[in-house]
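The values are calculated or read from the model by the stated rules, or taken from the named source; none is laboratory data. Computed from a prediction, not measured in an experiment: that's the story for all the values here. Cβ atoms come from the backbone with ideal geometry, glycine included; neighbour counts cover every protein chain shown.
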Amino acid sequence: MSLELCEMSLQQIQSLLRLTDDTLQNICCRRFTTEELFVDALRKVLGGLGRRGPAGIFTVFRREDGTTCCGRVFQLRQGEVVERSDEIVMDPSSSYAVNLAETQNQAETVISNWADSGESIDDYQANFSPAVTAAVGAPIKNFITCRISGERPGSLIAFNYPGRATSYDGDVLHGLAVLIGSVVALSEKMRETENAFQYTIEALARACEAAEEGTGKHISRVNRYAGALAANAGFASDFVQAVSFSAQMHDVGKIKIPNSVLLKQGPLDRAENEMILMHPVYGEKILGNSPRLEVAREIAISHHENWDGSGYPYNLRGDTIPVAGRVVKIADVYDALRSRRSYKESLSHRDALEIFRNGDERIDPQNHFDPMLLKTFFDIEHIFEKIYDSLAGEEVGTE
Ligand SMILES: [Fe+2]
Ligand SMILES: [Fe+2]
């Protein structure tokens with residue numbers, strides 16, 4: 001092996017290791033997309049190699065129906081992706097290059113150089129589907145095709161290496177295909193787990209609502225108001241996402257309160273009232289200590305605290321109240337005003353706004369709400385109205 005090839009090979013091994021490292025560190029189901037991985041992988045593994053990088057890569061995966069494939073052509077210059085095609089949907093049997101990869105066992109790559117084929121350049125293009133050759137935009141003179149194995153099999157096809165496509169190029173591409181295959185499989189498993197987690201949380205939140213004869217729309221609306229309020233107050237998108245998912249669990253603690261109290265018509269006696277005042281504490285306990293539920297826990301324990309310290313259960317005041325709880329408090333109060341309860345009729349948006357401005361016998365907006373969030377609420381009150389209207393439902397509860 002020449003010195004130049006040794007250096008290049010070392011550089012590519014290091015790139016692959018760095019890519020694996022970065023991918024594992026950044027693999028977060030909310031942020032990760034397969035396409036981002038491709039672009040990152042192409043840049044890191046094929047970038048900076050001067051003359052040996054391919055001019056483009058076609059990545060293609062089988063769809064769930066098994067009969068069609070879809071993918072994109074990424075055009076590269078010095079390993080940077082300079083253009084990506086629209087999604088190409090194709091019948092895998094229409095492309096010789098894809099077929100080649102699919103019929104090989106996973107340890108192999110297929111290397112093809114037009115110069116060795118004895119075919120005309122036009123005939124050689126028939127190795128690809130017309131959509132791919134159109135996206136490449138130049139005659140294909142060589143290619144390497146490599147199978148991506150896993151639950152969602154696919155192919156990685158690199159084309160137009162300068163000069164010839166070599167077995168060394170094939171090994172690099174194979175390394176890339178193995179990495180992409182395992183990360184795609186891993187991310188799909190993580191997505192399944194994440195979906196199951198979200199489903200469970202929604203079921204829990206809905207179960208608590210059911211006790212109050214709600215239709216579940218209250219929690220969906222509170223999620224959406226809270227997300228809109230946090231986003232418009234300028235919080236980071238991670239926080240906005242966490243709040244708009246976790247807000248629905250604000251009243252999980254009510255599951256410990258008997259229906260005879262929750263649904264009681266007329267005034268509560270002292271013991272019953274004390275029971276209701278405990279629901280934030282019960283909620284915090286139910287949510288346990290999982291780091292994934294940290295924001296939900298903060299919301300559950302603090303959504304009845306008031307800015308001036310007059311709330312419950314701990315009389316927290318000002319900045320000591322978790323910000324997620326301050327956001328959800330505004331969302332929850334607005335929705336409670338708009339909804340019909342066992343002891344009151346629903347209010348119009350205008351009447352609810354009036355209470356957010358001047359208060360009533362229970363709500364003192366200037367002293368109960370975070371002033372910055374209250375201002376944001378007035379900036380986007382039309383969004384609150386829209387959310388309520390789009391998710392209106394018959395709700396009868398005690399709060
Ligand atoms: Fe509550
Ligand atoms: Fe609520």
**Request:** Would you list the strands (runs of 3 or more DSSP E) that sit entirely within the range 74-190 and hold 2 or more residues that are free of Cβ contacts under 8 Å to residues at least 40 places away in the same chain?
**Result:** 80-84
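Give the residue, chosen from Leu293, Leu268, that is part of a loop (DSSP other than H, G, I, E, B) and either within 16 Å of ligand 1 (Cβ to nearest atom) or out of contact with any strand residue (DSSP E or B) (no Cβ under 9 Å at 6 or more places or on another chain) (or both).
Values: Leu293 fails: part of a loop (DSSP other than H, G, I, E, B).
The match here is Leu268.
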**Request:** Just give me the residues in the range 295-334 being surrounded by fewer than 20 Cβ atoms within 10 Å (Cβ to Cβ) and either aromatic (Phe, Trp, Tyr) or closer than 12 Å to Ala247 by Cβ (or both), in sequence order.
**Result:** Tyr312, Tyr314
**Item:** Sole exception among (1) of a type outside the set (Phe, Trp, Tyr); (2) within 16 Å of ligand 2 (Cβ to nearest atom); (3) over 16 Å from Asn223 (Cα atoms) for His349, by number
**Value:** (2)
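Run down Val261, Val281 and say which single residue is among the aliphatic types (A, V, I, L, M), under 19 Å from Ala247 (Cα atoms) and either buried (at least 16 other Cβ atoms within 10 Å of the Cβ) or assigned by TED's automatic domain parsing to the domain that holds Ala226 (or both).
Numbers: Val261 fails: under 19 Å from Ala247 (Cα atoms).
Result of the check over Val261, Val281: Val281.
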**Message:** Looking at Leu337, Leu353 in this structure, which one is surrounded by 14 or more Cβ atoms within 10 Å (Cβ to Cβ), within 16 Å of ligand 1 (Cβ to nearest atom) and free of Cβ contacts under 8 Å to residues at least 40 places away in the same chain?
**Reply:** Leu337
**Asked** Of all the residues that make up the range 130-172, how many are crowded, with 24+ Cβ neighbours inside 10 Å and hydrophobic (A, V, I, L, M, F, W, C)?
**Response** 11
**Fill in**
When (1) away from ligand 2 (no atom under 14 Å from the Cβ); (2) of a type in the set (D, E, K, R); (3) under 33 Å from the mean Cα position of the chain (by Cα) are applied to Lys329, the one that fails is (1)
**Prompt:** Within the range 271-290, restricting attention to residues that are among the aliphatic types (A, V, I, L, M) and farther than 14 Å from His250 by Cα, which residue is nearest to ligand 1 (Cβ to nearest atom)?
**Reply:** Met275
**Item:** Matching residues, the range 262-278, being at pLDDT below 95 and within 16 Å of ligand 2 (Cβ to nearest atom)
**Value:** Leu262, Leu263, Ile276
**Complete:** Of the residues in the range 228-252, those that are among the polar types (S, T, N, Q) and within 16 Å of ligand 2 (Cβ to nearest atom) come to Ser244, Ser246, Gln248
